[in-house]
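Below is one structure; the comments refer to it alone.
The values are calculated or read from the model by the stated rules, or taken from the named source; none is laboratory data. Predicted model, so just to flag it, every value in this text is computed and none were measured. FYI the Cβ positions are ideal-geometry reconstructions off the backbone, even for glycines, and counts take in every protein chain you see. Please note that ligands, DNA and RNA were not included when accessible areas were found on the heavy atoms of the full protein model with its side chains. Shrake-Rupley method; radii C 1.70, N 1.55, O 1.52, S 1.80 Å.
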Amino acid sequence: MPITQTPEVAWRAIAPALALAGGGVIALLVIAARPKIHRAALAALSLAAIGAASWSTFDLCALRYRVVMQGSVAVDGVSLFANLILLVTAAMTVLLSYHYLERRRIHRAEYYPLLLFATCGMVLLAAANDLILVFLAIEVLSLALYVLAGMARRDAGSQEAALKYLLLGAFSTAIFLYGIALSFGATGTTNLGRTAVKVASGGVDARLTSAAMALLAIGFGFKVSVVPFHMWTPDVYQGAPTSVTGFMAAGTKAAGFAALLRVFLVSFGALQWSWRPVLWGLAAATMVVGSILAIAQSDVKRMLAYSSIAHAGFVLVGVVAGGREGLSASLFYLLAYAVMVLGAFGAVIVSAPDGRERLSFGEWAGLGQRHPVFAGAMTLFLLSLAGIPPTAGFMGKFFVFSAAVQAGETPLVVVGVLASVVAAFFYLRLIVLMWLTEPAGEAQELGASPAPALALALAAAATLAFGVYPQAIMDLARAASVFTG
Amino acid sequence: MEKYLFWVMAVTALLSGLGMVMARNAVHSALMLVVNFFALAVFYVLLGAHFLAAVQIIVYAGAIMVLFLFVIMLMGVQREEPADEPIRFQRPLALLAGGALGGLLVFVIRTSFGLARFAEQAGSSSAGNAQGIGRALFTSYLFPFEVTSILLIVAAIGVVVIGRREPESEEPAAPAPASSEPGGGP
């Protein structure tokens, strides 16, 4: 019997994921040893783990891009840039979470380890270079998110969100697995790089790969809420605790799109002719449906959920555009979306005291007169989501659309611009309510405390900075638009 | 011999699968699923995947189905599903869509492989035996294998968080009355 060589472990390359998972395990042990521990300590521990992961990500940037861990993990620009988005998202979520959870009296110490494990799953998903690892990473992040969505045990909406997400998520995972099986059947490998070689060589059955790509697209489409796989999004985003919603919106989208980009541009890049029209249709449907349905909403969280569907469509435009331009535009968009949506959900969190939030539009009336700074920040996030200069959202849309025009996808850009015009309506409606109507009822305080205020300030600063001076981030995204595989 | 065994098991698998979906009683469904798992295990043996067959019986037919039965018993057997459709034409539409998807997948696999080539591929790979799987797990799939441990930790925390009752002092009584929580552990 031949002696198998011990597989090489690239510790530095997997250090970000290890830091997050290790932080989660340490947090769990701390909870087990000291059940009465102050939850602020756990929040601080989470921030430390995220900091360690960020440090090891920066450490990785100096290394040559390569594939490690027997081909399952890719260290390249896309995975590093996605790490940046994900770690920023996780850190802001921790800042927003602590006071929110205490105010809503969700006294669950397990929240923080679960958040770390979810982030770990996202980091792995963004770097996964093997379909098996893609699947496992999706499961890690989804399982954690199912539980996080149901954290508010006494809130029927939160329970409903968790159950819906779990059931529909299980179906989407099954479909995704079927796609992996067919892809393996067609190419004889689950490795994305080897799949690409096999597909490019032309020795694979086109019907089988088409079916595989369709099923994989459905699985990804569900995770990043692309129409028509978006049905769960409004209910789950509305029901889940708001800090979790923001994390889901920013993080799942970034990680899911990073994996989608890797699978479709690397593995099936040679088959662009077959998947591009499909993603084209999905992008158009997502932008239009998300924007139109958002108009009818009267709940801020639900409106933001539909807006997040529409934004998935805008990122898809970048994917359809393809090439280095489209890739860097998508990456920029994901970062811009992460900061502005975290800001918007963060503003909902601090909008009212006593474990309450201003959920219906009516409650936002006249906030501009009573709390001008807060209303100003929310206005900035909404303008950015609407894509109005000088904000991050505008530059994101600008880059995505110009990449699509360069790729000759002008009709899709027209659809996108029309959808943005429709979308601007409901964002502006909330802005008008805040500034141009008289406040109704007695004055309500805000529920601001230092940590969420800091997160909001950071998000607002980033939203403005990316809009006024996007070149630095865009250069970074362009430099990061490299796959290895 | 192999051929006859295949046909017997194919019929068994299909019938038990249908029976699992159609049975009104949840326990009957679960038992039908066990039969289905056994039939699949026989297929794996026929294809030379002995390890997979053993795992199929030990893990699925054994452990997972026992858990299923536990859950069904805890939840109560008597529960009947509501017969009316919440969405009109949901069932015919679901049948149509499911049938179309199934037909498409069968067509794709059938035309692109043919049954013969599937069997040939399965036989030629060494992954069918325990040694091959073990070697693959600890060499080329080492990292995914380790990531499953994170997955299991997350699942364990999730179960604890969902299953544990919380102290009374937590959370203001929101819309849901606390008494209506289903399950909640023994």
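Summarised in one figure, the compactness ratio Rg/Rh of region A:281-326, Cα atoms and Kirkwood Rh, is 1.10. Normalising the Debye intensity of region A:381-485 to I(0), with uniform scatterers on Cα atoms only, and taking log10 at q = 0.13, 0.17, 0.23 Å⁻¹ returns -0.67, -0.98, -1.26. Pairing the Cα long axis of helix A:272-295 with the longest principal axis of chain A, what angle in degrees results, from 0 to 90 and rounded to the nearest 10? Computed tilt is about 10 degrees. Sequentially through region B:10-15, phi angles give Karplus couplings (6.51, -1.76, 1.60; θ = phi - 60°) of 4, 4, 4, 4, 5, 5 Hz, Gly and Pro residues having no value and appearing as x. Each of B:Asn129 and B:Arg165 was given a label point 7 Å from its Cα along the Cα-to-Cβ line. The distance between the two points is 5.4 nm.
The long axis of helix A:131-149 is offset from the longest Cα principal axis of chain A by roughly 20 degrees. Here region A:318-362 and region A:1-75 have alpha carbon centers that stand 26 Å from each other. Close amide H pairs (under 5 Å, H built 1.01 Å from N) link A:Arg154 with no residue at least 5 positions away or on another chain. Taking θ as phi - 60° and the Karplus parameters 6.51, -1.76 and 1.60, the scalar couplings of region A:159-166 work out to 4, 4, 4, 4, 5, 4, 5, 5 Hz in sequence order, x denoting glycine and proline.
Counting Cβ atoms of other protein chains within 10 Å of each residue's Cβ and taking the mean over peptide A:154-160 gives 5.
Computed over the Cα atoms of region B:1-78, what is the convex hull's projected area averaged over all directions, in nm²? The Cα convex hull of region B:1-78, projected and averaged over all directions, gives 4.9 nm².
Here A:Lys198 is the anchor, and the lysines within straight C-alpha reach of less than 30 Å, apart from those fewer than 8 places off in the same chain, are A:Lys223, A:Lys253.
Using a 1.4 angstrom probe on heavy atoms only, work out the carbon and sulfur share of the accessible area of region A:128-261 in %. Reported share for carbon and sulfur atoms: 71 percent.
Could you report region B:1-78's accessible area per residue, 1.4 Å probe, as an integer in Å²? That works out to 68 Å² per residue. Scalar couplings 3J(HN,Hα) for region A:444-458, obtained by applying the Karplus form with A = 6.51, B = -1.76, C = 1.60 to θ = phi - 60°, are 10, 6, 9, x, 7, 9, x, 5, x, 4, 4, 4, 5, 4, 4 Hz; x denotes Gly and Pro. Using R0 = 35 Å, the C-beta based FRET efficiency linking A:Ala465 and A:Ser360 works out to 0.65. Using Cα atoms only, what is the angle between the long axis of helix A:300-321 and the major principal axis of chain A, expressed in degrees (0 to 90) to the nearest 10? Orientation of helix A:300-321: about 30 degrees from the principal axis.
In plain terms, chain A is cut at each of the GluC sites (Glu not before Pro) found in a DSSP loop with at most 11 other Cβ atoms within 10 Å, and the longest leftover piece is A:9-441. Just to verify a number: FRET efficiency for A:Asp59 and A:Asp475, C-beta to C-beta distance, R0 = 22 Å, to 0.05? The pair A:Asp59/A:Asp475 has a calculated efficiency of 0.55.
Peptide B:95-105 shows a mean partner chain C-beta count of 1 within 10 Å per residue C-beta. The calculated 222 nm mean residue ellipticity attributable to helices in the protein assembly as shown amounts to -24000 deg cm²/dmol, summing -39500 (n - 2.57) over DSSP H runs of n ≥ 4 and dividing by all residues. Around the amide H of A:Val73, modelled in the peptide plane, lie the amide H atoms of A:Val68, A:Asn129, all under 5 Å away and 5 or more residues distant in sequence or on another chain. The distance separating the Cα centre of region A:410-478 from that of region A:133-174 comes to 28 Å.
Shielding of peptide B:153-165 by partners, expressed as the average count of other chain Cβ atoms within 10 Å per residue Cβ, is 6. The tail of the calculated P(r) for the protein assembly as shown beyond 49 Å holds 13 percent of all Cα-Cα pairs.
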